[in-house]
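Colleague: Before I ask anything, here is the structure I am working with.
The values are calculated or read from the model by the stated rules, or taken from the named source; none is laboratory data. None of the values given here were measured: they were computed from a predicted structure. Counting neighbours? That spans all protein chains shown, and the Cβs are built from the backbone with ideal geometry, glycine included. Heavy atoms of the whole protein, side chains included, go into the accessibility calculation; ligands, DNA and RNA do not. Shrake-Rupley method; radii C 1.70, N 1.55, O 1.52, S 1.80 Å.
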Amino acid sequence: TNAAGTAYGADREFTTDPLTVNDIDGNSYDVIRIGTQLWMAENLRTTRLHDGAQIILTEDDGEWALLDQNRYCWYGNNSSNGNTYGALYNWKAVSSRILCPAGWHVASDNDWLTLKDRIGGELIAGGKLKEMGTAHWTNPNTGATDEYDFTALPGGWRTAAGSFQGLRTNGYWWTSSEIEPNAWYRHIQNDDVKLFRAYAGHNVGMSVRCVKD
């Protein structure tokens, strides 16, 4: 029947979503659909741009503030943090437009606005995006439901002075959207359900989530 045909068509369309995507380093990321958007369900941890160019691993505090090169670091200069929380990138790497795998992009301010509207607004979106429990989030991890499998993690950030702050209590994600001389970002806290929107200078380090073009 037509009805069956329609259902079958819808099924086939649904299965075109990729389950995973790989970066140029060979890291594999789970992919989730939220509304019309396809998001990586993990923070980016690539050490190269998708054209193959190396991103500079920067441990030195003084060098971190320099905006002359694409830079990344692991929280606390501990690479094991990268396996869980991904890398922290500077704005130059984010604004390169080729940080995410080909066919993907760093989530823009509008991407995040679309996401929070889809899941009920900024006053509750943080809770809905956070990984549940206290394996990674510090107690109380207020209102965490992770009902969309976004699994937001508290990867902290790196200040312009080079210090690391917020691991296990705060997640910070760059957007690709500039508001001169700053750029928009999002953050989520362990003691709140809100998805916060703010802006920061270019010489800090934050996590990145990619969205399919």
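Colleague: Can you give the Rg to Rh ratio of the range 46-92, both from alpha-carbon atoms, with Rh computed by the Kirkwood formula?
Modeller: Checking Rg against Rh, the ratio lands at 0.95.
Colleague: Turning to a different aspect of this structure: Largest first, what is the accessible-area ranking of 197, 118, 209, 168 with a 1.4 Å probe?
Modeller: 118, 197, 168, 209
Colleague: Just subtract the alpha-carbon distance of residue 59 and residue 117 from 0.36 nm times their residue separation and send over the number in nm, one decimal.
Modeller: 17.1 nm
Colleague: Could you estimate the translational diffusion coefficient of the chain from the Stokes-Einstein equation, with Rh from the Kirkwood formula over C-alpha pairs, at 37 °C and 0.692 mPa s, in whole µm²/s?
Modeller: Using the Kirkwood radius from Cα pairs, D works out to 188 µm²/s.
Colleague: With a Förster radius of 25 Å, plug the Cβ-Cβ distance of residue 48 and residue 169 into 1/(1 + (r/R0)^6) and report the FRET value to the nearest 0.05.
Modeller: 0.25
Colleague: Suppose we take every Cα in the range 33-123 and form the convex hull; what volume per residue is that in Å³?
Modeller: 122 Å³
Colleague: What residues of the range 128-145 lie in the reach of a label at residue 78, counting those whose backbone N is under 17 Å from a point 7 Å from the Cα along Cα→Cβ?
Modeller: What the label zone holds, given the 17 Å backbone N cut-off, is 135-139.
Colleague: Now for a separate question. Could you give the nm distance between label points at residue 179 and residue 213, where each point is 7 Å from its Cα heading toward the beta carbon?
Modeller: If labels sit at residue 179 and residue 213, their model points lie 2.8 nm apart.
Colleague: Please identify the GluC sites (Glu not before Pro) of the range 43-132 that satisfy two criteria: DSSP loop assignment and at most 16 other Cβ atoms within 10 Å. Which are they?
Modeller: In loop regions of the range 43-132 (DSSP not H, G, I, E or B), the sparsely surrounded GluC sites (Glu not before Pro) are 59.
Colleague: Near residue 50, within a Cβ-to-Cβ distance under 11 Å, what is the net charge of the other residues, with Lys and Arg +1 and Asp and Glu -1?
Modeller: Around residue 50, the surrounding residues sum to -1.
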